[in-house]
1. Name the pairs whose Cβ atoms lie under 9 Å apart, with the first residue in the range 74-97 and at positive phi and without any contact (Cβ under 8 Å) to a residue 40 or more places away in the chain, the second assigned to a strand (DSSP E or B) and surrounded by fewer than 18 Cβ atoms within 10 Å (Cβ to Cβ), and 6 or more positions between them or separate chains?
2. Quick one: in the range 248-289, which of the residues that are in contact with a helix residue (DSSP H, G or I) (Cβ under 6 Å, 6 or more places away or on another chain) and part of a strand (DSSP E or B) is farthest from residue 343 (Cα to Cα)?
3. Checking residue 373 against (1) within 30 Å of residue 402 (Cα to Cα); (2) assigned to a strand (DSSP E or B), which single condition isn't satisfied?
4. Output the residues belonging to the range 180-197 that are touching a residue at least 40 places away in the same chain (Cβ under 8 Å) and more than 10 Å from the chain's Cα centre (by Cα).
5. Of the conditions (1) within 30 Å of residue 242 (Cα to Cα); (2) in a loop (DSSP other than H, G, I, E, B); (3) in contact (Cβ under 8 Å) with a residue 24 or more places away in the chain, residue 321 fails just one. Which one is it?
6. Looking only at residues that are under 28 Å from residue 208 (Cβ atoms) and in contact with a helix residue (DSSP H, G or I) (Cβ under 8 Å, 6 or more places away or on another chain) in the range 144-165, which one is surrounded by the fewest Cβ atoms within 10 Å (Cβ to Cβ)?
7. Collect the residues in the range 179-197 that are over 30 Å from residue 115 (Cα atoms), touching a strand residue (DSSP E or B) at 6+ places or on another chain (Cβ under 6 Å) and part of a loop (DSSP other than H, G, I, E, B), keeping them in residue-number order.
């Protein structure tokens, strides 16, 4: 991945920092510097499905009579990243670096007969202020702190990963649900420390109701969600990399009188040397479910259901991670191989006999990512997805994807 695309991913796409450098269009505007940035990406996806078992919360494509030709899912869609149009403005006032960010994410396809049935997403809207001497404060909607580094270091960020399916979805899932939990886009107030020779930390309070299984009673929760991260970035000359740990804690209401605690932690490493890249990541949690926060988190709940229901507040355990190896050829083409897995345990009192509740989602990815120009990457990916339930049934599907992503 060349420098311009890497900066665009880190700055414009994930909006990890309001003042991050990126490859956008810079416009001086009085006291402000306006950066218009984003990407357009699209992939042709062919998914072959093999099985038609019931795996609640499974990410493998399922063979049913409603599928195209019974065993195929065909689509043209964005990948893990949505198409993105972002606006970032920065200035220096009263010894403070001040910035704001807003963005929208249109779709590149829709299933409706007119092709325009879907509305765009709006993932970021925040401001920040600070100084390198004491850090910065961010307030508004941005990507969550916990697990954000897991998605940032996933090679399928420039590709497809799992859940390609039919056209019309806003994005695919990449490694979400097959190696890490989605960091999500959250209202937050976050403090980030200065960079102390590579060491840096962030801590924030987040929207307390942004977790599955929360009901209207959650609107009167007694505290905000808590998320934090500590990281160390290094450059030895022979190698560069980053080590990080992060965590979260939520108090989730399920009824007007019942609540439970949800918590999670993770650790990750990214190492790069002589064209080789290695990423290892692991997370564990209780009461956070799988794929997205709260999905299947409680005994009796159904992972993947539109509305989560539960027989009680017995929180299930979950864990997972991924390992990824990449190599950049002299042609600058990056080849990658990755394996990821997300597991969900049964709760106390639940039995595996005949259970359709998700046990694990697993993913093998083989990808090639080539910078055709300094802003355009062409991509080819193969993803094998297996989803198993606690009743020992498995669905498996294979997705072949070809397309590209252009940053500006």
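1. Partner pairs satisfying both residue conditions: 95/131.
2. 253
3. (2)
4. Scanning the range 180-197 gives 186, 187, 188, 189, 190, 191, 192, 193, 194, 195.
5. The number of the failed condition is (2).
6. 152
7. Residues satisfying the conditions are 179, 193, 194.
For (1) touching a strand residue (DSSP E or B) at 6+ places or on another chain (Cβ under 7 Å); (2) surrounded by fewer than 23 Cβ atoms within 10 Å (Cβ to Cβ); (3) in a strand (DSSP E or B); (4) in contact (Cβ under 8 Å) with a residue 60 or more places away in the chain, each residue gets a yes or a no:
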| position | (1), (2), (3), (4) |
| --- | --- |
| 291 | yes, no, no, yes |
| 302 | yes, yes, no, yes |
| 330 | no, yes, no, no |
| 352 | no, yes, no, no |
| 361 | yes, no, yes, yes |
| 365 | yes, no, yes, yes |
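The values are calculated or read from the model by the stated rules, or taken from the named source; none is laboratory data. Predicted, not measured: the structure shown is a model, and the values here were computed from it. No Cβ is skipped: glycine too gets one built from the backbone with ideal geometry, and neighbour counts run over all protein chains shown.
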